Amino acid sequence: MAAEPDELYTLRAQFWLGHYQMALDEGKSIARRPMSPELKEEREAFVARCAIAMKDYSKVTSGETPVSSTLPLQALALQAQYEALAASGDGAQTQSVILQLQSMLGDGVSPLVQLIAANVFLQAGMKKEALACVHNGSTLEQVALCAQIYITLDRLDLAKQSLQQMRKMDEDSILTQVTSVYIALATGSSMASEASHTLNQLSEQYGPSPMLLNLMACAFMQAGKYSEAESKLEQARSEFAATDADTLVNTIVALQYQQKPVGEYLIALKQHHPNHFLSQGLDTVQGAFDREAIKYRVAA
């Protein structure tokens, strides 16, 4: 059953599609509209979430965004702190943030706190703990995250069950459509055209975003259309100056399949995302190669 549009309908849609600046502007523009306390708190949370997605962590931790004393918004401040620390490579302090989030969980905690904690746990590689936060989710976002976790666990059957639950909750929701794309891409090439169709509709209605362009590139690669995928990724870099890990990694993959050079994108990945698993893997392999090469080096 589709939910009736409310004051936050556009804000949610823009956030879920990766239009974070547009969502932030929308959140600020509706700040003075009359709305229920629940919607007001949700709006404030989305404003903070946009800042985190745009890596403006200090705006959330320093109070520039409307983070108040409510538990969900305190949890968002911890998420911003976690992501800032993770980006700097401070692993010891990130563990402290995780412990604080775990202390917030318990009976009667709000779905938003559970969602925020699950997102942080997932970033920390704690898939079991993340799933525990959302597997009995009552909100669309909780069920959507549950589906994504199942995909990472190679349980596509359970991810599809989550999608069916979302369709019963709100079949027309943007988030339901985006989740259907993730599941289609995880299914493989047989569903690539369906994913492309949904993504084209969303892009025509709301405009492209780096997230949508990356998903379109993945759909093209699933179909073996690597030059088309490269074009979408080039659009993400040129129109949005995208240097996120997904754009760089997907670009590397698309170019590799076309036997094109990837050196500049590997350098960019290591520069912008030194803690990314691919960057660290490259360092490990390069180090091993250099150690072996010494054995065969001929003295001058």
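The values are calculated or read from the model by the stated rules, or taken from the named source; none is laboratory data. All values reported here derive from a predicted model rather than from experimental measurement. All Cβ positions, glycine included, derive from the backbone under ideal geometry; neighbour counts span all protein chains shown. Only protein heavy atoms, including side chains, enter the accessible area calculation; ligands, DNA and RNA are left aside. Shrake-Rupley method; radii C 1.70, N 1.55, O 1.52, S 1.80 Å.
General remarks:
- Filter result for L105 (farther than 19 Å from S173 by Cβ, surrounded by 15 or more Cβ atoms within 10 Å (Cβ to Cβ) and more than 20 Å from the chain's Cα centre (by Cα)): yes
- Enumerated helices (runs of 4 or more DSSP H) restricted to the range 188-300, each holding at least 2 residues that are surrounded by 12 or more Cβ atoms within 10 Å (Cβ to Cβ) and among the small types (G, A, S): 192-206, 210-222, 226-240, 245-257
- The set of residues in the range 3-30 that are of a type outside the set (V, I, T) and open to solvent by 50 Å² or more (accessible area, probe 1.4 Å) comprises A3, E4, P5, D6, E7, Y9, Y20, Q21, M22, D25, K28, S29.
- Residue in the range 52-70 that is of a type in the set (A, V, I, L, M, F, W, C), buried (at least 22 other Cβ atoms within 10 Å of the Cβ) and modelled with pLDDT of 95 or more present: yes
- Sole residue being over 15 Å from the mean Cα position of the chain (by Cα) and farther than 20 Å from N275 by Cβ, chosen from Q114, Q93, Q142: Q114
- Residue within the range 161-175 that is open to solvent by less than 90 Å² (accessible area, probe 1.4 Å), free of Cβ contacts under 8 Å to residues at least 40 places away in the same chain and more than 21 Å from F15 (Cα to Cα) present: yes
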